[in-house]
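The values are calculated or read from the model by the stated rules, or taken from the named source; none is laboratory data. Just so you know, these numbers come straight off a predicted model, no measurement behind them. Here Cβ is always computed from backbone atoms with ideal geometry, including for glycine, and neighbour counts include all displayed protein chains. These area figures cover heavy atoms from the full protein model, side chains too; ligands, DNA and RNA do not enter into them. Shrake-Rupley method; radii C 1.70, N 1.55, O 1.52, S 1.80 Å.
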Amino acid sequence: MPSRRNLLISAAAGSAAVTLDPVSFAVAAPGGTETRTLTGTIPYGAPDWVYVPLEIPTGVNKIEVSYAYDRPAPPPGQAGNALDIGIFDESGHDLGDARGFRGWSGGFRTEFAISAAEATPGYLPGPIRPGTWHVIFGPYTVHPQGLTWTLTVTLSYGAQPAPFQPRPAPLQATGRGKAWYRGDLHLHTVHSDGRRTPAELASGARAAKLDFFVSTEHNTTSAHGVWGEYAGPDLLIINGEEITTRNGHYTALGLPAGTWIDWRYRAADGGLQRFVDRIHRAGGLAVAAHPNAQCVACGWRFGYAGLDAVEVWNGPWTPDDDAVLAAWDNLLVSNRGRQWLPAVGASDAHSEPQVIGLPQTVVRADNLDRRSVLAAVRAGRSWIAESAAVSLSFTAATPRGRAEIGDRLPAAADDPVQVTLSVSGAPGGTARLISDQGVRVTAPLSAEGTGTVAWPTNSQNSRYVRAEVRRADTSMVALTNPIFIGG
């Protein structure tokens, strides 16, 4: 029979983390197993993280973990119990120490397994070395009466199997040179809390006529090792991660395969810049995700300093997106285009019926490769479309020059500037041109959804201009980053 042990948490409310007493295992003969079952209670006002140390002996070739917890009905208007889980190996579990990270599934799975040959999606295959491993619990929400959990750990003994061979995606696909490329910057599979397999996601991206997408699983890099099987000359797959903190989510775009970014901090800790710097050193971008989302811990609370972009459009257009768009537009006005924060959009699709590529970010990149796509996103050379059916061209010109989305148009105070927006694929749409003074032009498109809007202005009248296409119900069809005018 498995042994059972009760573990109590007595840390004061407000502690960031609690580590319980270590749990040891008897050594079994090759081919044998050893199981321990542990129980405990996490009080209301719990720490963010609870660690259960596991003393792993020599000779182990597989770890299997399962857990459960009670879910009593919460009081009206309050949250019930929700408990996340992951694991670190003997290399360490300190904040920011990526060496020991071996996986995370949040609250999506009740069990996982790790060996050198394979691992449950969300977890990293690799040898099971002796030493102190740590199961990490994340009490996402806790019922006022507390949360009682049960953890079962089974070790299998024997020789290490042949190691898993990762197959990361190539860093480039067959592009068209300098051109506009369509992509989805925020997507999930079974490697975190999505229902689509990697094969289904890649197939869906091709069906949506995307040129690229970014894989952004919650708090784990496990998908990085499989995308090489599904990328191709027609589809660039870029590694990323959605870092899911207790004060909001942000995506890391363009991480080298296997690069993991920690999530165990809040805004008050002052640690965000440390991890944004790590993303930048790896050649990636940091993007605030769904900043006005209303789910627990989903809304962005860190501010935008140091970030590379903000996700103003997440999935089907909602009032939350309108609120983010208004806040972003205020930032454009206040900084007058200097060190401005580009806008992006992404589907954040997890499962059917969520639509891959609704919306999509269209970038003006030098080619279809990781470096060029990221450079276009960082520079704001992009616009956001509801689908691949929507196309637009947006320019501003003086007698001496011309600028596109994300550019700055040199213009003297009295230079005439002609702004031109051409749209297709937006039936029932209305085009709007917006400057730092607000909406300046509103023009309905044709019944087929096509049209061209021209507007004369100058740098005194408009420090920047951007474009939107909306339906009669005010939902968004297309949204551009600005063109800045003047010095």
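Which of the peptides 254-260, 162-168 is most tightly packed, and how do the rest follow, judged by the mean count of other Cβ atoms within 10 Å per residue? The partial results should precede the final answer.
Details: 254-260: 19.4, 162-168: 13.0.
Highest to lowest by the protection proxy: 254-260, 162-168.
Taking the Cα centre of each part, how many Å lie between the stretch 137-193 and the stretch 432-487?
Computed from Cα coordinates, the inter-centre distance equals 40 Å.
Nearest 10 degrees, 0 to 90: what angle lies between the long axis of helix 198-207 and the longest principal axis of the chain (Cα atoms)?
For helix 198-207, the angle is close to 10 degrees.
Once every DSSP H run of n ≥ 4 in the chain is given -39500 (n - 2.57) and the sum is divided by its residues, what mean residue ellipticity at 222 nm do you get, rounded to the nearest 500 deg cm²/dmol? Before the final figure, lay out each step's value.
On the way: 4 runs with 47 residues, N = 487.
Value at 222 nm, helices only: -3000 deg cm²/dmol.
Check which residues have an amide H placed less than 5 Å from residue 148's amide H, if you skip close sequence neighbours.
It is 42, 70, by chain and number.
Over the chain, what is the mean sequence separation of C-alpha contacts under 8 Å (at least six apart), divided by residue count, expressed as relative contact order in percent?
Values: 1332 pairs, mean separation 53.1, N = 487.
11 percent.
In Å², and per residue, what accessible area does the chain have when probed at 1.4 Å with the other protein chains present?
In whole numbers, the chain has 39 Å² accessible per residue.
May I ask you to give the average projected area over all directions of the convex hull of the Cα atoms of the stretch 352-487, in nm² rounded to one decimal?
Working: hull surface 36.9 nm².
For the Cα atoms of the stretch 352-487, the hull's average projected area reads 9.2 nm².
I'd like the orientation of helix 319-335 relative to the chain: the angle between its Cα long axis and the longest Cα principal axis, in ° from 0 to 90, rounded to 10.
60 degrees
Please give the helix 370-379 orientation as an angle from the longest Cα principal axis of the chain, in degrees from 0 to 90, rounded to the nearest 10.
On a 0 to 90 degree scale, this one is about 60.
What's the extension gain from residue 295 to residue 179 if we count 0.36 nm per residue and subtract their Cα-Cα distance? Before the final figure, lay out the partial values.
Numbers: separation 116, 0.36 × 116 = 41.76 nm, distance 3.75 nm.
Using 0.36 nm per residue and subtracting the Cα-Cα distance, I get 38.0 nm.
Shape verdict for the stretch 37-182, please, from the Cα gyration tensor: rounded (a/c under 1.5), prolate (a/b greater than b/c) or oblate.
Details: a/c = 2.47, a/b = 1.26, b/c = 1.96.
Note, shape of the stretch 37-182 comes out oblate.
With both bridge residues required to lie in the chain, what share of the DSSP beta bridges run antiparallel, to the nearest 5%?
Working: 103 of 131 bridges.
Of all bridge pairs located within the chain, approximately 80 percent are antiparallel.
If the viscosity is 1.306 mPa s and the temperature 10 °C, what Stokes-Einstein diffusion coefficient in µm²/s follows for the stretch 316-372 when Rh is the Kirkwood radius over Cα pairs?
Working: Rh = 13.7 Å.
After rounding, the answer is 116 µm²/s.
Would you kindly calculate the mean projected area, averaged across all directions, of the convex hull enclosing the Cα atoms of the stretch 253-362, in square nanometres?
Projected area, direction-averaged: 8.1 nm².
Want the number for residue 35 to residue 164: 0.36 nm per residue separation, take away the alpha-carbon distance, what's left? Could the numbers behind the result be given before it?
Numbers: separation 129, 0.36 × 129 = 46.44 nm, distance 2.51 nm.
Here the segment from residue 35 to residue 164 would lengthen by 43.9 nm.
Quickly work out the residue 55-to-residue 412 label distance, labels modelled 7 Å from Cα along the C-beta direction, and quote it in nm with one decimal.
Going from the residue 412 label point to the residue 55 one covers 8.2 nm.
Measuring from a point 7 Å past the Cα of residue 111 along Cα-to-C-beta, which residues in the stretch 65-84 have an amide N at less than 17 Å?
65-69
Hey, what D do you get for the stretch 272-317 in µm²/s if you plug the Kirkwood alpha-carbon radius into Stokes-Einstein at 37 °C and 0.692 mPa s? Walk me through the numbers before you get to the answer.
Numbers: Rh = 11.5 Å.
Here the translational diffusion coefficient equals 285 µm²/s.
When only the heavy atoms of the protein chains count and the probe is 1.4 Å, how do 188, 290 rank by accessible area, highest first?
Values: 188 0, 290 25 Å².
Greatest to least solvent exposure: 290, 188.
Filter the chymotrypsin sites (Phe, Trp or Tyr not before Pro) in the stretch 201-255 to those in DSSP coil with at most 13 other Cβ atoms within 10 Å of their Cβ, and list the result.
Working: sites: 212, 213, 227, 230, 250; in loops: 230.
Hits after loop and neighbour filter: nothing returned.
Determine the order of 89, 322 by accessible area, beginning with the largest, at a probe radius of 1.4 Å.
On the way: 89 0, 322 50 Å².
Output order, biggest surface exposure first: 322, 89.
How far, in nm, would the chain grow between residue 94 and residue 145 when pulled straight, counting 0.36 nm per residue and subtracting the alpha carbon separation? Provide the component values of the computation, followed by the final result.
Details: separation 51, 0.36 × 51 = 18.36 nm, distance 3.01 nm.
Length gained between residue 94 and residue 145: 15.4 nm.
Calculate how many DSSP beta bridges within the stretch 144-241 are antiparallel, expressed in % of all such bridges and rounded to the nearest 5.
Details: 1 of 8 bridges.
Here the share of antiparallel DSSP bridges comes out near 10 percent.
Just the number: Rg to Rh for the stretch 127-262, Cα atoms, Kirkwood Rh, two decimals. Spell out each step's value before the answer.
Numbers: Rg = 18.4 Å, Rh = 17.4 Å.
Taking Rh as the inverse mean 1/r over Cα pairs, Rg/Rh reads 1.06.
Starting from the coordinates of the alpha-carbon atoms of the chain, obtain the Kirkwood hydrodynamic radius over all distinct pairs and give the value in Å to one decimal. Mind dumping the intermediate values first?
On the way: mean 1/r = 0.0415 Å⁻¹.
When all Cα pairs of the chain are included, the Kirkwood radius is 24.1 Å.
With label points built 7 Å along Cα→Cβ from the Cα atoms of residue 19 and residue 393, find their separation and express it in nm.
6.3 nm
Once you place label points 7 Å from the Cα toward the Cβ at residue 334 and residue 274, how far apart are they in nm?
For residue 334 paired with residue 274, the spin-label model returns 2.7 nm.
Ignoring any ligand, DNA or RNA, what whole percent of the accessible area of the chain comes from carbon and sulfur when the probe is 1.4 angstrom?
52 percent
Convert each backbone phi in the stretch 120-134 into a coupling constant with the Karplus relation 6.51 cos²θ - 1.76 cosθ + 1.60 (shift: θ = phi - 60°), then list the ³J(HN,Hα) values in order as whole Hz, x for Gly and Pro.
4, x, x, 10, 9, x, x, x, 9, 9, x, x, 8, 8, 9
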